[in-house]
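Each remark here refers to the structure printed beneath this line.
The values are calculated or read from the model by the stated rules, or taken from the named source; none is laboratory data. Values in this document were obtained by computation on a predicted structure and should not be read as measured data. Quick reminder, even Gly has a Cβ in these numbers, built from the backbone with ideal geometry, and neighbours come from all protein chains shown. Side chains included, ligands, DNA and RNA excluded: accessible areas come from the protein's heavy atoms. Shrake-Rupley method; radii C 1.70, N 1.55, O 1.52, S 1.80 Å.
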Amino acid sequence: MQKQKRTITCLIALMMIFAIVLSSCNTSPTDEVVEETSGTSDTVGEETADTGTQPGNYENATREETVYFDAYVAHVDHANWNPFITDNLRDVGLQQALIEPLFMLNYDTGEIDPWLGLSMEANDTFDVWTLNLRPGVKWSDGEDFNADDVVFTVNMFLANTPDLGADVALWTESVEKINDLTVQFNLTDSNPRYQLDIWSFKIWGDRNSIVPEHIWNEYADNPMEFTNYDPEQGWPVFTGPYLLSKFTENEYIYVRNDNWWGVEAGFQDLPAPKRLIWIQYGTEESKAAAMIANDLDAMANTSLGAFEAMTAANSNIIGWESELPYGTIDPCPRYLSINNEHPIWSDSTLRQAVNLAVDREQIVTIAYEGGTSASISIFPQYGSMEQYNSALEDAGLAASKTADTEAAKALIESSGWVLNADGYYEKDGQVLTMSILTIEESMETRRIGDVVAEQLRNIGIDAESQVLSFGAWLTAQSEDGTPEDDYEGAVSFVCGGVNEPYVTLNTFGGGEDVTKGGMERWSGESWEAFRASVAQLKNLAPGDAAGVPVVVEAYENIIEDMPFVTLTQASMLTPLNTTYWTNWPTSENPYTIPSTWVQSTHLIIHNLQPAN
Amino acid sequence: MNGLTWKYALHRIGIYLLTILISITLIFVISRAVPGDPIENMWRQLEMQKGQIEGVDLIIDHYKELFGLNEPIGIQYLKYLWNTVRFEFGVSFVHYPTSVSSMIGHALPWTLGLGLITTLIIFIFGNGIGAVFGWERTPKFIKTIIPSSLIFTSIPSVLAALFLLSIFSKNLGWFPLAGAYNSNVTQGWNWPYIASVIKYGFLPVLSILLVNIGWTILGMRAMVVTIGGADYVRLAQAKGLKPFYILKKYTVRNALLPQLTSLALSLGGLISGQVLVESIFSYPGMGMLIFRAIREQDFNVIQATSYMFILITATSVLLIDLLYPLIDPRITHGED
């Protein structure tokens with residue numbers, strides 16, 4: 001009996017030891033990093049005083065020398081550094097640390113700022129463009145970046161359409177090298193936006209990045225098969241101020257290239273961070289915990305609640321604004337899409353009524369908890385769009401921030417609808433309904449949908465919010481079934497123009513051979529007039545003042561027919577940590593947008609300064 | 001007493017193949033029943049996130065053609081069956097040109113590691129603890145621990161994962177928030193890497209373990225109690241054999257047989273439980289892969305990962321079925 005009890009006790013003891021051994025590694029990963037790297041720092045510190053980690057040893061840079069960015073997208077093939085594949089690694093450092101754009105759009109001024117390119121000029125008819133490259137640019141392996149690389153890349157695009165995308169081939173007839181620093185593009189048609197849309201960072205990154213001819217020429221016929229990764233040869237080779245150091249399943253690590261061309265060319269100094277890490281933390285809660293623990297310096301878009309929790313726990317965390325709405329806006333305003341072919345909602349009077357019934361301030365207060373602003377038009381309210389938004393306000397075409405429910409009801413009644421006993425409008429035995437489709441993956445659209453549905457119910461429209469997966473949401477609006485089965489309304493968004501309205505307006509104008517515009521299936525006289533205005537805009541250069549009255553004219557047709565209802569500016573709330581790094585972009589220091597997954601992050605990295 | 005016979009083996013293998021055929025057919029049907037075209041959805045979503053993509057219709061048509069989505073559904077199904085049996089899963093729609101096989105090749109070792117360790121711990125410790133709890137001579141104070149083993153059994157492993165993450169990672173900082181190993185260590189057979197893998201895998205393993213081990217403990221305990229009253233155990237006691245010897249040789253050995261069956265059946269549950277746990281810990285295994293593939297409507301990846309899950313579970317059950325007559329000679333499936 002004693003022996004048996006001893007055996008059982010031993011068994012239990014063994015289990016406990018096993019558990020203790022497993023839990024013995026009780027430090028966080030970042031603690032480990034700090035411990036290991038601070039060891040390096042201490043050793044180096046004795047020899048180099050306060051110069052920090054030595055060149056060539058930036059793999060072991062200290063926490064103070066490293067910036068941790070949030071890798072919010074999970075990728076699969078970590079060893080494929082081809083920037084043209086569908087699942088490219090652009091948002092985890094490829095386009096922020098390695099690939100530099102030719103030009104970069106400034107959201108505040110609307111200017112196209114030079115980077116690898118110095119200028120790009122068009123002839124009078126916008127069908128021949130001349131690119132002037134910046135002298136002194138070098139690839140990270142020391143080779144010159146020149147017109148040969150540009151010509152090679154463009155020809156590679158032309159020969160591999162649509163694998164590498166379709167826009168270059170749609171607009172480019174041919175490309176010629178004028179000299180080492182000058183390239184001429186002969187277009188298929190007039191395009192005043194050729195520089196902006198094809199060769200600049202505008203919203204996410206320059207999709208058509210220039211690649212080194214001396215490396216890619218072997219793969220000119222099958223570029224999608226090239227992984228662009230060989231650490232022994234120093235690949236991937238781009239022009240950026242960082243080199244790829246290594247990667248794991250959830251981290252991408254880059255070290256500073258002290259031989260970066262920008263210093264010698266007098267373009268810019270070396271950026272201060274010696275090491276950049278894009279790290280994936282998974283859930284919003286985990287990211288927030290990492291921000292609070294100072295393990296993360298910049299986080300992707302987050303909710304207002306999470307942001308407030310973070311700032312309450314760590315006073316070093318800041319947003320774009322120091323008070324509500326804390327964030328800035330992203331380029332894709334939200335709006336209520338209405339099916340203009342629906343048997344009920346084809347009546348523009350009813351759509352006008354919905355526009356009057358919507359209280360945009362209330363949507364901001366309830367759905368966003370104050371975390372954004374009401375839209376006055378379908379355009380993003382960046383500084384560069386100011387002239388258009390102001391003109392719309394001056395013309396009395398701007399959307400009201402509050403509702404006018406009495407006017408909305410009067411409009412509905414003017415169309416022959418009568419309130420029934422349930423408090424909803426009814427005509428010929430049919431109740432006035434609107435099912436508003438929202439996206440399951442987007443809490444923002446779901447919350448907007450709920451508030452708008454409530455506002456519509458308040459004036460007598462039997463509205464409800466219907467949650468669908470993105471695919472189902474898209475399909476419901478895209479499919480041309482019987483009108484009765486088609487969608488009625490949907491919370492939608494349009495990512496079009498950032499510094500000029502053409503692209504946004506063209507979304508509702510449709511292509512050249514269409515008979516109705518956008519998901520809304522807008523058609524009729526107003527739409528034809530609208531299309532004529534959009535066609536005029538197409539031929540004007542972005543920012544051309546002559547476009548302002550044309551935009552007003554186009555918008556008059558929108559207001560006349562109300563094919564959709566503008567709602568809110570999209571919120572972009574990106575928490576930034578000032579514990580180790582300062583000089584992040586904010587409303588008081590708006591040198592760029594605070595999104596660290598887009599290519600303008602180059603500006604952030606060049607502006608960051610160590611806190612100590 | 002024929003034990004394992006050809007007739008029985010062929011019968012079981014037939015059921016095995018039929019199960020797989022029905023399952024992979026269902027996966028084909030279900031993945032295509034989801035509204036929307038995966039290629040169109042992907043590019044429209046990209047366009048909405050990253051701005052207008054000129055010539056997007058051209059790109060969508062190109063990829064539909066490339067992935068065979070323009071072919072009649074019957075042809076797609078036949079090609080799918082033929083490719084599946086040859087383990088040719090093609091390329092990912094969303095992560096093109098990455099092959100599905102390479103995606104699985106990267107993810108499977110992490111999931112197998114997590115799954116096998118968890119299964120082994122559950123089987124060894126769950127049955128060990130269950131046997132101790134069910135044994136009549138176990139001290140009463142140890143038996144009072146039984147209810148505590150059931151605390152986590154009624155909650156999903158995803159909640160257990162969130163709970164553990166909150167306590168041990170966010171608040172105490174003992175374990176990492178996400179990932180599979182520390183980027184500062186070199187991958188390979190070296191102690192820092194192994195220690196890092198153990199540390200990063202500890203909470204995911206624990207999340208699955210806590211939820212599943214209770215059922216194994218309860219099952220084993222019940223079997224031990226039942227068998228404890230069997231005639232042959234009484235006879236052994238009457239013969240004066242030592243109680244622990246009886247527990248080991250007579251009780252546990254017989255009680256393990258049904259546990260083996262439940263082990264095979266639980267493999268499917270364990271893996272499906274892992275899907276969300278892996279996504280919470282950003283653990284780069286099959287769970288993450290299938291979770292993302294479903295969201296992205298990546299047909300080829302959904303089909304391949306589901307096929308792997310089905311294959312693992314069905315093969316485990318088949319092996320247990322075939323081994324049963326060998327483990328327990330009393331069991332016969334042949335003609336007398």
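Numbers for the structure displayed
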| read-out | value |
| --- | --- |
| Test for A:ILE366: is it open to solvent by 40 Å² or more (accessible area, probe 1.4 Å), touching a residue at least 12 places away in the same chain (Cβ under 8 Å) and farther than 30 Å from A:THR579 by Cα | yes |
| Condition met for A:VAL565 (under 21 Å from A:GLU341 (Cα atoms), out of contact with any Ser or Thr (no Cβ under 6 Å at 6 or more places or on another chain) and part of a loop (DSSP other than H, G, I, E, B)) | no |
| Test: residue in segment B:76-93 that is crowded, with 17+ Cβ neighbours inside 10 Å, in contact with a strand residue (DSSP E or B) (Cβ under 7 Å, 6 or more places away or on another chain), in contact (Cβ under 8 Å) with a residue 12 or more places away in the chain and within 14 Å of another protein chain (Cβ to nearest Cβ) | yes |
| Segment B:94-103, subset surrounded by fewer than 24 Cβ atoms within 10 Å (Cβ to Cβ) and out of contact with any helix residue (DSSP H, G or I) (no Cβ under 6 Å at 6 or more places or on another chain), residue nearest to B:LEU66 (Cα to Cα) | B:TYR96 |
| Residues satisfying the stated conditions in segment A:263-300, i.e. within 11 Å of another protein chain (Cβ to nearest Cβ), farther than 28 Å from A:THR53 by Cα and at pLDDT below 90 | A:GLY282, A:THR283, A:GLU285, A:SER286 |
| Residues of segment A:292-322 that turn out to be more than 17 Å from A:GLN569 (Cβ to Cβ), of a type in the set (D, E, K, R) and open to solvent by 10 Å² or more (accessible area, probe 1.4 Å), as a count | 2 |
| Helices (runs of 4 or more DSSP H) lying entirely in segment B:1-71 (those with 3 or more residues that are crowded, with 19+ Cβ neighbours inside 10 Å and within 14 Å of chain A (Cβ to nearest Cβ)) | B:38-50, B:56-66 |
| Condition check for B:SER169: touching a residue at least 40 places away in the same chain (Cβ under 8 Å) and assigned by TED's automatic domain parsing to the domain that holds B:ILE280 | no |
| Qualifying positions in segment A:235-254 - closer than 20 Å to A:GLY136 by Cβ and in a loop (DSSP other than H, G, I, E, B) | A:VAL237, A:PHE238, A:THR239, A:GLY240, A:PRO241 |
| The listed residue being within 11 Å of chain A (Cβ to nearest Cβ) and in contact (Cβ under 8 Å) with a residue 60 or more places away in the chain, out of B:LEU203, B:LEU218 | B:LEU203 |
| Of the criteria (1) open to solvent by 10 Å² or more (accessible area, probe 1.4 Å); (2) within 14 Å of another protein chain (Cβ to nearest Cβ); (3) in contact with a strand residue (DSSP E or B) (Cβ under 7 Å, 6 or more places away or on another chain), which one A:ALA71 fails | (1) |
| Test result for B:VAL132, part of a helix (DSSP H, G or I) and either away from chain A (no Cβ under 11 Å) or within 25 Å of the chain's Cα centre (by Cα) (or both) | no |
| Residue, farthest from A:ALA410 (Cα to Cα), within segment A:329-352, restricted to residues that are open to solvent by less than 20 Å² (accessible area, probe 1.4 Å) and of a type outside the set (A, V, I, L, M, F, W, C) | A:PRO331 |
| Single residue of B:ALA264, B:ALA236, B:ALA255, B:ALA304 found to be within 14 Å of chain A (Cβ to nearest Cβ), open to solvent by less than 40 Å² (accessible area, probe 1.4 Å) and out of contact with any Pro (no Cβ under 6 Å at 6 or more places or on another chain) | B:ALA304 |
| Candidate set from segment A:262-288 (those that are open to solvent by less than 10 Å² (accessible area, probe 1.4 Å), outside any loop (DSSP other than H, G, I, E, B) and touching a residue at least 12 places away in the same chain (Cβ under 8 Å)); member that is farthest from A:GLU64 (Cα to Cα) | A:GLY262 |
| Some residue of segment A:451-466 being over 37 Å from the mean Cα position of the chain (by Cα), open to solvent by 20 Å² or more (accessible area, probe 1.4 Å) and within 15 Å of A:TRP345 (Cβ to Cβ) | no |
| Exclusive hit being under 19 Å from B:VAL211 (Cα atoms) and either touching a residue at least 40 places away in the same chain (Cβ under 8 Å) or not in a loop (DSSP other than H, G, I, E, B) (or both), set B:ILE122, B:ILE142 | B:ILE122 |
| Complete set of residues in segment A:95-154 that are closer than 30 Å to A:ARG275 by Cβ and of a type in the set (Val, Ile, Thr) | A:ILE99, A:VAL137, A:THR153 |
| B:LEU177 being within 11 Å of another protein chain (Cβ to nearest Cβ), out of contact with any strand residue (DSSP E or B) (no Cβ under 8 Å at 6 or more places or on another chain) and farther than 30 Å from B:LEU260 by Cα | yes |
| Pick from segment A:515-539, criterion out of contact with any Ser or Thr (no Cβ under 8 Å at 6 or more places or on another chain) and not in a helix (DSSP H, G or I), ranking: most open to solvent (accessible area, probe 1.4 Å) | A:GLY524 |
| Unique match (being crowded, with 21+ Cβ neighbours inside 10 Å, modelled with pLDDT of 95 or more and outside any helix (DSSP H, G or I)) among A:VAL183, A:VAL168, A:VAL154 | A:VAL183 |
| Of all residues in segment B:204-233 being of a type in the set (Gly, Ala, Ser) and under 30 Å from B:SER166 (Cα atoms), the one that is surrounded by the fewest Cβ atoms within 10 Å (Cβ to Cβ) | B:GLY214 |
| Residues of segment A:356-415 satisfying the condition of being of a type in the set (Gly, Ala, Ser), closer than 29 Å to A:LEU573 by Cα and assigned to a helix (DSSP H, G or I) | A:ALA357, A:ALA367, A:GLY383, A:SER384, A:SER390, A:ALA391 |
| Those residues of segment A:194-207 which are more than 10 Å from every other protein chain (Cβ to nearest Cβ) and either on the phi > 0 side of the Ramachandran plot or not in a strand (DSSP E or B) (or both), in sequence order | A:TYR194, A:GLN195, A:LEU196, A:TRP199, A:ASP206 |
| Any chance B:ARG221 is under 30 Å from B:THR138 (Cβ atoms), out of contact with any Asp or Glu (no Cβ under 7 Å at 6 or more places or on another chain) and at pLDDT 85 or above | yes |
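Yes/no per residue for (1) more than 30 Å from A:PRO610 (Cα to Cα); (2) at pLDDT below 95:
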site: A:GLY511; (1), (2): yes, yes
site: A:ALA541; (1), (2): yes, yes
site: A:TYR555; (1), (2): yes, no
site: A:MET562; (1), (2): yes, no
site: A:THR574; (1), (2): no, no
site: A:TRP584; (1), (2): no, no
